[in-house]
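What follows is a set of notes on a single structure, which appears directly below.
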Amino acid sequence: MSYAYLFKYIIIGDVGVGKSCLLLQFTDKRFQPVHDLTIGVEFGARMITIDNKQIKLQIWDTAGQESFRSITRSYYRGAAGALLVYDITRRETFNTLASWLEDARQHANPNMTIMLIGNKSDLTHRRAVTTEEGAQFARENGLVFMETSAKTAHNVEEAFINTARKIYEKIELGVFDVSNESYGIKVGYGAGGANGGTTVRPGDAQASGKSGCCS
Amino acid sequence: MTGLVMTSRPVVSHETPEIGHQKPVSDGFSHTTRCTEAKASELSNLQPSLAALCNEEKTYQSAVVVYAKENIFVQPGIKCKRISGRLSLLKKAVDDVMFLAWLPYALNNTSDSATDDNKFVVISDGGPALSEASSTAESEKRDRTLYAVHPVPISDMRAVRRHTPTIGWHHIIIVLHTGLSLPPLYFTNGGVKDFLTVLKQHTCLVRSPDDPNLYLVNDIADPLQRSMTALDLLEVQNRAGWSESAGGSASLFVRGGKDDLDTPSPRDYSLGVLEHFSRVTKLARDTTAHIFGKDQGLDASTWPCEGEETLIKLNYPPQGMLAVNCADGEDEAPVLRVVQSDDDEAAPCDSDSQSRCDDGESASTSVGSFELLESERIVSSSKRIPSRAQRPFPLSVEEWCAFFEPDGRLADERGFRERAFYGGIDQNVRKEAWKYLLGYMPFNSTVAEREQIREAKKTEYDALKAQWQSISASQEKRFTKFRERRMRIDKDVVRTDRLLPFYAEEDNSNVELLRSILMTYTFYNFDLGYCQGMSDLLSPILYVMEDEVDAFWCFVGLMDVMESNFHRDQNGMHSQLQSLKKLVQLLDPQLHCYLEKMDCLNYFFCYRWVLITFKREFEYSLVLRLWEALWSKHLCEHFHLFVCAAVLQKHRRAIIHGEMEFDTLLRFINDLSGKIDLEVALYDAEMLFQYAGEAGQEVLPTSGP
């Protein structure tokens, strides 16, 4: 399917915060808790529409384990957006955000849009990190923030699409040289005019592929 | 099909063919022809064999001539009469496969009879100007068919060398992947450039960076595959009745000899290589084309068959071939120099032959010098690789029982390992056999000793398990490391192979066993702790063992060799990926260069393959098969790296042609999961292993998995 732009995303965060579940919920609209743990990296893709433009999100879902950090760092290259995920029920996953951010700042391009995500918002009874703490961290570090639930799908669409919208705005503002693929953006064949694609409200899935399919 | 079954070794001669003793070339080539644009009826006036040939290939009649050039001649020897004919490029209508052909005119056509020399003739479904043949001079007639270049697929072409001397005819020499070179084709009115232009439109033609007159055809063609498949020559030779004299003073040119099908010596490989070289010098008159029939005539459509690629790389000297081939005034074969095999016996060399063997590293032929690619590596292999079809069934219960002595010792450890490597192990035998492969039970242990070991190991396991189980809730609060590990293990065991019935459903007791074993292991090897990937490694072991204690100790055995994969500094992973890099550099320099160009030499795209030895790349039952092959250590401890190289090699075209960068390559490799043919990969990996020889061993990690 043709697209105006392709954005590369990377999902990072500690082990077990729900990175793969977020991806699966976004691409397949389902929650599968028994999904095999991620070794190395897995891929997902979905088409979205922003400002009447078809945008393909190619999403890299990384392994969270500390010892895989060195390989994860190689995935930042050329990412336009990152979802930095923690688990609101486990404070330790919030505490490591700074080191994840440091990795991202060091290995990604400086214009990468980072969305901070407090996942598992459905588990209110086990909450260990308040919404305000998350928002505060995001403010301090210039990130966009949202709480999501991969299980109930709450805010999952918004998290991915708002990130895309931010990236799109940066393109419109000329922040990126879109011809330079190191920004994680590819201009597709369907770039054409603003009316190139069918009109779909932002947030609606135009197409969804199985997780792992990213062609 | 005729002439396809060899009953004796072909005579390798570098002399002018003694026509009377040679079969007409069409006998050797009849099965090679895939395409002709000529109707059989038009050829009925030609020599019967050629007509028959065309008759035979009626199915390929509908080919389009995309290029034709008249009055291209072949000069059999300096004193011989030139033979004129038509050079053409044909495209098969069915599948667009391109062929090159040079067919001589009938005898009463003189070399200057054709017209329109410089015109490209674009005909659809046309026929060549093959007019009536009169059989005046028998030998001349034979020459014609002998030198004819029956349609050869462009994909079989390796290189075109252009010769444009200021004095003399412009000509080209076409070299095939097989090492066979076509006779020099002389252009009486120029037009070499035009020919190359047309050829370029239909195939990948690149000028060699080293020699402006050398054009490489399909340069992307897989040098490794050629090298590998050259090893298969052995089977062809053996089936064709090839042999060597048993006494060791093997003569390459001896006919017959003792059949020795079961124990091919290293020299078999070198003989195959030598044979290739000899072919190079014999041009199209070589009657040994018989042996190209991979399936001994059963598969006529595959000539020159893929399995006959040669081990040479073209290394042309700056000077042209004329000095060697024709202009020296002798119709004598050029010097053939071949690297000798590593044995200390006399080189396979025949004084009757005009070839001279020498300690050189190149083979000078009519088209230049050929460098023998790592011949020592080829001939160092003393092992015949069973073909995939020959691979045995998994080691059965009966066979397994037969391995044991009366006192319960498994005496033939090597035999067992070899058996496990080639055939795998029957599911009913695995539970016992894996204990040996994973070092849990010693091969020389008796039944009684094993019972003792089992008892002791059970006690030890229980003690280890009790350590972490006895940690109280209050103690746990002050034991962060313990809490962390338990949390990670808890998280991972519930997402390890849960689709497999053995681990499926809620509250599965086997998931609990995974948890217990991993927890116990972190106390057994506290410094290492738990790392993701371990649950993937344990899962098949528990599945096979169906016992907590046995699974634990087998897992310990596996982790003993794989521990470094999980070191925090990743040293084990990096050293293996570096070894893999060197292995590919050794085995497939072209792919290596490509990966270097794309800044992919960290080999992170193979990370998952190596970390958990392909656990995620194959369906579960195949993982078991692969692992026991690897654990058998039949060939080497790092055979998995050869498997990596083999799979990469299999997809080298997609990688290079697809111009994959790091990102696309990583996704591509990830997507191969579930699509790799395990037996093919194992077979190819073994070929690579044999091919790499000692040089391969040198690049492998010194320890670890």
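Any read-out appearing in this document is the output of simple, stated calculations on the displayed coordinates, not a laboratory observation. Here the structure is a predicted model, which means the values were calculated and not measured. Glycine gets a Cβ as well: all are built from the backbone with ideal geometry, and neighbour counts include every protein chain shown.
Go ahead and run the numbers for FRET between B:Glu398 and A:Gln32, Cβ-Cβ distance against an R0 of 60 Å, rounding to 0.05.
Efficiency, from the Cβ-Cβ distance: 0.85.
Tell me the Kirkwood radius of segment A:1-91: reciprocal of the mean inverse pair distance over distinct alpha-carbon atoms, in Å.
13.8
Around B:His170, which amide H atoms from residues at least 5 apart in sequence, or from another chain, sit under 5 Å from its own amide H, with H modelled in the peptide plane?
B:Phe187, B:Gly190
Along segment B:510-527, what does the Karplus equation 6.51 cos²θ - 1.76 cosθ + 1.60 (θ = phi - 60°) give for ³J(HN,Hα), rounded to whole Hz, x for Gly and Pro?
My calculation for segment B:510-527 gives 5, 5, 4, 5, 4, 4, 4, 5, 5, 4, 5, 5, 5, 8, 5, 10, 5, 5 Hz in order.
For segment B:438-565, with only Lys/Arg (+1) and Asp/Glu (-1) charged at the beta-carbon, what is the dipole magnitude about the Cα centre, in debye rounded to 20? Let's see the in-between values first.
Values: 16 positive and 22 negative charges, 126 e Å.
Once rounded to the nearest 20, the dipole reads 600 debye.
Counting only residues 5 or more places away or on other chains, whose amide H sits under 5 Å from the amide H of B:Arg158 once H atoms are built in the peptide plane?
B:Val175, B:Leu176, B:His177
Membrane-span-like helices in chain A: DSSP H runs reaching 20 Å or more (Cα, own axis), mean Kyte hydropathy at least -1.0? The partial results should precede the final answer.
Numbers: long enough: A:156-172 (24 Å, -0.45).
Qualifying helices, which must be both long enough and hydrophobic enough, are A:156-172.
I need A:Glu169, A:Glu157 ordered by Cβ neighbour count within 10 Å, fewest first.
Ranking A:Glu169, A:Glu157 by Cβ neighbours within 10 Å, fewest first, gives A:Glu169, A:Glu157.
Would you work out which of B:Phe482, B:Gln467, B:Tyr503 lies farthest towards the positive end of the dipole of segment B:438-565, given +1 charges on the beta-carbon of Lys and Arg and -1 on that of Asp and Glu, about the Cα centre?
Farthest towards the positive end: B:Phe482.
How high is the relative contact order of segment B:608-701, in percent, counting Cα pairs under 8 Å that sit 6 or more residues apart?
Rounded, it is 37 percent for segment B:608-701.
Residue by residue, what Karplus-based ³J(HN,Hα) values in Hz, rounded to whole numbers, does segment A:66-73 have, using 6.51, -1.76 and 1.60 with θ = phi - 60° and x for Gly and Pro?
Per-residue couplings from phi come out as 3, 5, 8, 4, 4, 7, 4, 4 Hz.
Of the trypsin sites (Lys or Arg not before Pro) in segment B:441-504, which ones lie in a loop per DSSP and count no more than 16 other C-beta atoms within 10 Å?
Answer in residue order: B:Arg478.
Take the Cα atoms of segment B:571-699, find their three principal axes, and give me the spread along each one in whole Å, biggest first.
That works out to 36, 33, 28 Å along the principal axes.
Return the subset of B:Lys582/B:Lys633; A:Lys8/A:Lys170; A:Lys56/B:Lys650; B:Lys458/B:Lys633 for which the Cα-Cα distance in this structure is over 23 Å, preserving the input order.
In this structure, A:Lys56/B:Lys650; B:Lys458/B:Lys633 lie more than 23 Å apart at Cα.
Does segment B:506-583 come out rounded, prolate or oblate, given a ≥ b ≥ c as the square roots of the eigenvalues of its C-alpha gyration tensor, rounded meaning a/c under 1.5 and, failing that, prolate meaning a/b above b/c?
In terms of gyration-tensor shape, prolate.
Taking amide H atoms as placed 1.01 Å from N in the peptide plane, list the residues 5 or more away in sequence, or in a different chain, whose amide H sits under 5 Å from that of A:Gly13.
Placed amide hydrogens put A:Val85 under 5 Å from A:Gly13.
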